[in-house]
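These notes concern the structure reproduced below.
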């Protein structure tokens with residue numbers, strides 16, 4: 001499973017393939033034309049409560065991934081929809097967070113790779 005990650009504020013490129021926005025909120029200051037998103041899968045993003053609790057704090061990363069994983073477990077239809085896309089084509093998960101290391105797209109990629117690669 002090959003998944004790329006890219007901030008919404010970085011220009012889209014042909015190498016991105018199918019672009020899926022995985023934020024619950026639309027990234028500030030970015031128009032739909034600029035974002036060049038093929039699918040906005042906001043329901044797969046962390047809940048508002050979890051997002052507000054996490055605040056991209058590296059100290060909360062492990063617990064965030066655990067809680068987000070539990071949320072993803074409760075939405076198998078959304079996870080399957082995204083996994084099917086990834087199996088069929090090149091996919092870039094697009095996110096708005098400033099922190100490129102500790103965000104929901106990174107956690108979602110790890111979740112998908114683990115769930116669908118036997119790891």
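I'd like to check something: does segment 102-116 contain any residue that is at pLDDT 95 or above and assigned to a loop (DSSP other than H, G, I, E, B)? Checked segment 102-116: at least one residue is at pLDDT 95 or above and assigned to a loop (DSSP other than H, G, I, E, B). Taken over segment 31-53, residues that are more than 16 Å from residue 18 (Cβ to Cβ) and touching a residue at least 40 places away in the same chain (Cβ under 8 Å) amount to 3. Among the residues of this structure, residue 55 counts as one that is at pLDDT below 95 and closer than 15 Å to residue 107 by Cβ. Number of residues in segment 1-56 that are under 23 Å from residue 83 (Cβ atoms), part of a loop (DSSP other than H, G, I, E, B) and over 13 Å from the mean Cα position of the chain (by Cα): the value is 6. Restricting the first member to segment 68-92 and to residues that are free of Cβ contacts under 8 Å to residues at least 40 places away in the same chain, and the second to residues that are assigned to a loop (DSSP other than H, G, I, E, B), the beta-carbon pairs closer than 7 Å and six or more apart or on different chains are 71/46; 71/47; 78/41. For segment 84-104, a residue qualifies if it is surrounded by 18 or more Cβ atoms within 10 Å (Cβ to Cβ) and over 18 Å from residue 63 (Cβ atoms), and the qualifying residues are 85, 86, 91, 92, 93, 94, 95, 96. Test residue 62 against the stated conditions and say whether it is without any contact (Cβ under 8 Å) to a residue 60 or more places away in the chain and outside any helix (DSSP H, G or I). Considered against the rule, which asks whether it is without any contact (Cβ under 8 Å) to a residue 60 or more places away in the chain and outside any helix (DSSP H, G or I), residue 62 comes out as no.
Every residue, every condition in (1) in contact with a helix residue (DSSP H, G or I) (Cβ under 7 Å, 6 or more places away or on another chain); (2) surrounded by 14 or more Cβ atoms within 10 Å (Cβ to Cβ), yes or no:
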{"position": "19", "(1), (2)": "no, yes"}
{"position": "35", "(1), (2)": "no, yes"}
{"position": "40", "(1), (2)": "no, yes"}
{"position": "44", "(1), (2)": "yes, yes"}
{"position": "66", "(1), (2)": "no, no"}
{"position": "116", "(1), (2)": "yes, yes"}
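Here residue 30 meets the list (1) in contact with a strand residue (DSSP E or B) (Cβ under 8 Å, 6 or more places away or on another chain); (2) surrounded by 16 or more Cβ atoms within 10 Å (Cβ to Cβ) almost entirely, failing just condition (1).
The values are calculated or read from the model by the stated rules, or taken from the named source; none is laboratory data. Please read these numbers as outputs of a predicted model, since none were measured by experiment. Here Cβ is always computed from backbone atoms with ideal geometry, including for glycine, and neighbour counts include all displayed protein chains.
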